[in-house]
Amino acid sequence: MTLIRPDLDTLPAYVPGRAIPGAIKLASNEVPLPPTPPVLAAIAEAAAAGNRYPDLAVTGLTARLADELGMAAERIAIGCGSVSLCQQLVQATCREPSDEVLFAWRSFEAYPIVTQIGGATMRTVPLDADFRHDLDAMAAAVTPNTRLVMVCSPNNPTGTVVTRDELERFLAAVGPDVLVALDEAYHEYVTDPAAVDGTALLDAHPNLVVLRTFSKAYRLAALRVGYALGTPEVATALRKVCSPFSVNSVAQAAAIAALDDAENLLAACAEVVTERVRVRDALLAAGYTVPPTQANFVWVALGERTAAFAAHCLDHKVVVRPFAPDGCRVTVSTPEENDAFLAAARSFDG
Ligand SMILES: *Cc1c(COP(=O)(O)O)cnc(C)c1O
């Protein structure tokens, strides 16, 4: 007999990017700069009221986002990071072990984990030869048991985007009875005009839910706050399955302050957009396979050489994120840090 459900033994662990003292961390797609001074001030002020429970309904941040996005507040659900919202989506849609969550693979490593925690069945469809979502194949993989589809654009870890046309065709193909979650954690880095912007499709598609986060461009990864946009019905369901008070008051204050300072924070994304082209071009010139990226990271397709490449980078004091046996994801950072990575990549002869 065991006290714990036996299937947890097969649960894949979420592997955080390693933080090694003295090494450059390019493993978690964070921004290397700290929160800006007004955001730090808001964090300190909120921390001073840390003896009080946070606002359960996350009223202030919800209202602010509603204003920002021109959407009714009842269509917004805030979560303890968008990873938590992914898990809430599974909990809100799946109840039977036969209920299916469909996603591309390789994609965000949290999707298999939250699916299994939710007791649902996962179905995956391989990325195409260009490391992109194969949405036609995904539409064909929808069954009467499919409850939720996760679409990640830009895709973590390959950086490729789904176009608006592709997503509209996909939504038409799957029909209104399957919830489609578009995970746009890297939305602020997207410059391709053909790329999908989920917010533009929400009104026409009640079965679409868009996920965004303050962890990346807004520099608040440690504070854990993300949000979902959908119909009032979907947002209400997400709130129902949310662990109470999981969006803490410091995170709420920081996110509002980050929105106030968005101009500053988003301006810093422009350097990453320039650098990601330079990093990719240098890798291509060195003979690597690297798909075009619309995020703040590049995907180096290394196959069986993945672990050796990551170890070699570590020898050069650069921490990348290996996903054996497919490749390494490397965050695009400042020019200096990117140069350190490129020097390591050039000297790899695995
Ligand atoms: C980083 C990331 C998130 C954000 O996670 P948080 O829980 O908000 O920190 C969500 N989805 C993808 C694909 C990501 O890469």
query: residue 42: net charge of surrounding residues, Cβ under 10 Å, Lys/Arg +1, Asp/Glu -1, itself excluded?
result: -3
- prompt: Hey, with R₀ at 25 Å, roughly what FRET efficiency would residue 47 and residue 243 work out to, going by the Cβ-Cβ distance, to 0.05?
  reply: 0.75
field: Centre separation in Å (Cα based) which lies between the stretch 294-329 and the stretch 142-208
entry: 27
- prompt: For the stretch 218-300, what is the largest minus smallest coordinate of the Cα atoms on each principal axis, given in angstrom and ordered from greatest to least?
  reply: 50, 27, 22
The stretch 82-137 - accessible surface per residue (Å², probe 1.4 Å): 39
- request: Would you mind calculating the relative contact order of the stretch 37-260 from Cα pairs under 8 angstrom and at least 6 residues apart, reporting the percent as a whole number?
  value: 29
query: Order of 56-66, 216-226 by packing, highest average Cβ count within 10 Å first?
result: 216-226, 56-66
statement: At q = 0.12 Å⁻¹, the log10 of I(q)/I(0) for the stretch 268-326 from a Debye sum over equal Cα scatterers comes to -0.30
statement: The local net charge around residue 130, scoring Lys/Arg +1 and Asp/Glu -1 for residues other than residue 130 whose Cβ lies under 15 Å from its Cβ, equals -3
- request: Choose one of 156, 208, 88: the residue whose Cα lies farthest towards the positive end of the charge dipole of the chain (beta-carbon charges +1 Lys, Arg; -1 Asp, Glu; about the Cα centre).
  value: 88
query: So, by mean Cβ neighbours within 10 angstrom, what's the order for 256-269, 98-111 with the highest one leading?
result: 98-111, 256-269
- prompt: Under 5 Å between amide H atoms, partner at least 5 residues away or on a different chain: which partners does residue 149 have, H built in plane at 1.01 Å?
  reply: 102, 179, 180, 181
statement: Largest first and rounded to whole Å, the semi-axes √(5λ) derived from the alpha carbon gyration tensor of the stretch 37-260 read 29, 19, 16
field: Charged-residue dipole, Cβ positions (Lys, Arg, Asp, Glu), the stretch 1-109 about Cα centre, Debye nearest 20
entry: 300
query: Of all accessible surface on the chain at a 1.4 Å probe, what whole percent is carbon and sulfur?
result: 56
- request: Show 349, 197 ordered by accessible area, largest first, where the area counts protein heavy atoms only and the probe is 1.4 Å.
  value: 349, 197
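The values are calculated or read from the model by the stated rules, or taken from the named source; none is laboratory data. The shown structure was predicted, so the numbers you read here are calculated from the model rather than taken from an experiment. Every residue, glycine as well, gets a Cβ built from its backbone with ideal geometry; the counts of neighbours run over all protein chains shown. What goes into the accessible areas is simple: the full protein's heavy atoms, side chains included, and nothing from ligands, DNA or RNA. Shrake-Rupley method; radii C 1.70, N 1.55, O 1.52, S 1.80 Å.
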